[in-house]
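The values are calculated or read from the model by the stated rules, or taken from the named source; none is laboratory data. In this text, all values refer to a predicted model and were calculated from it rather than measured experimentally. Note: ideal-geometry Cβ built from the backbone for every residue, glycine included; neighbour counts use all protein chains shown. Please note that ligands, DNA and RNA were not included when accessible areas were found on the heavy atoms of the full protein model with its side chains. Shrake-Rupley method; radii C 1.70, N 1.55, O 1.52, S 1.80 Å.
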Amino acid sequence: GAGVSQSPRYKVAKRGQDVALRCDPISGHVSLFWYQQALGQGPEFLTYFQNEAQLDKSGLPSDRFFAERPEGSVSTLKIQRTQQEDSAVYLCASSFELAGFYNEQFFGPGTRLTVL
Amino acid sequence: DAKTTQPPSMDCAEGRAANLPCNHSTISGNEYVYWYRQIHSQGPQYIIHGLKNNETNEMASLIITEDRKSSTLILPHATLRDTAVYYCIVRVGGGNTDKLIFGTGTRLQVFP
């Protein structure tokens, strides 16, 4: 299919481990977003890329969280020294248009991270 | 971005219309109303959006009051597959980030 894909779908990490979550956006989509969704809550914005440029990282909860999109397509969200409060579903979304115009965001299925 | 208020849950019989309300009393003139839904274990899915006029697409209708302080999402013939959490979001159509600010949404349960 041509949708947003994320891998792995499930990740279990021991507290203190580093994890890397991958997002493959829809081909040609300029904008890419990461969201974090805790159990029973709505998704919360983490960071935004326009092509390879990270234009907004205001939602990253701490300096343990790092995201990159070096070639303007695939993106990786890295969490260092994971803590139990990092347990959540991490959602990636992409959209065709540049920011500032109407754009529908297409979401991937998410990666469920469990930190023990 | 303006804050939205939605009921936490609603029920609807299969085949009937589901009317999901949303209050956004502090909405400003350049803010759009968006609706997304999230089916269990999936990512959110765009449904519809509007500024001031009522809108309709193949999935739903969006009715925005004249003062724009509230809106209603209408699923005309709900099916079991419409069971999901529905999010009403308002945001400005501009700026350098189009991040979505989700609330807790309305959990719609469609029953047979």
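Points worth noting:
- When the charge dipole of chain B is built from unit charges on Cβ atoms (+1 for Lys and Arg, -1 for Asp and Glu) and taken about the Cα centre, the candidate among B:Gly103, B:Pro44, B:Tyr87 whose Cα reaches farthest toward its positive end is B:Gly103.
- Taken about its Cα centre, region A:1-69 carries a charge dipole of about 340 debye when Lys and Arg each add +1 at the Cβ and Asp and Glu each add -1 at the Cβ.
- Carbon/sulfur fraction of accessible area - the protein assembly as shown, other protein chains in place, 1.4 Å, %: 49 percent
- Mean accessible surface per residue for region B:6-45, computed with a 1.4 Å probe while every protein chain stays in place, in Å²: 50 Å²
- Top positive-direction residue, dipole computed over chain A with Cβ charges, set A:Leu21, A:Gln37, A:Val115: A:Val115
- FRET efficiency estimate (nearest 0.05) - Cβ-Cβ, B:Glu66 to B:Ala17, R0 22 angstrom: 0.55
- Distance between the 7 Å Cα→Cβ label points at A:Glu68 and A:Arg22: 1.5 nm.
- ³J(HN,Hα), Karplus 6.51/-1.76/1.60, whole Hz, each residue of region B:101-109, x for Gly, Pro: 10, 8, x, 9, x, 10, 8, 9, 10
- Whichever lysines have a C-alpha closer than 29 Å to that of B:Lys99, once near sequence neighbours (fewer than 8 apart) are set aside: A:Lys11, A:Lys57, A:Lys78, B:Lys3, B:Lys52, B:Lys69
- In this Cβ point-charge picture (+1 for Lys and Arg, -1 for Asp and Glu), chain A has a dipole of about 560 debye about its Cα centre.
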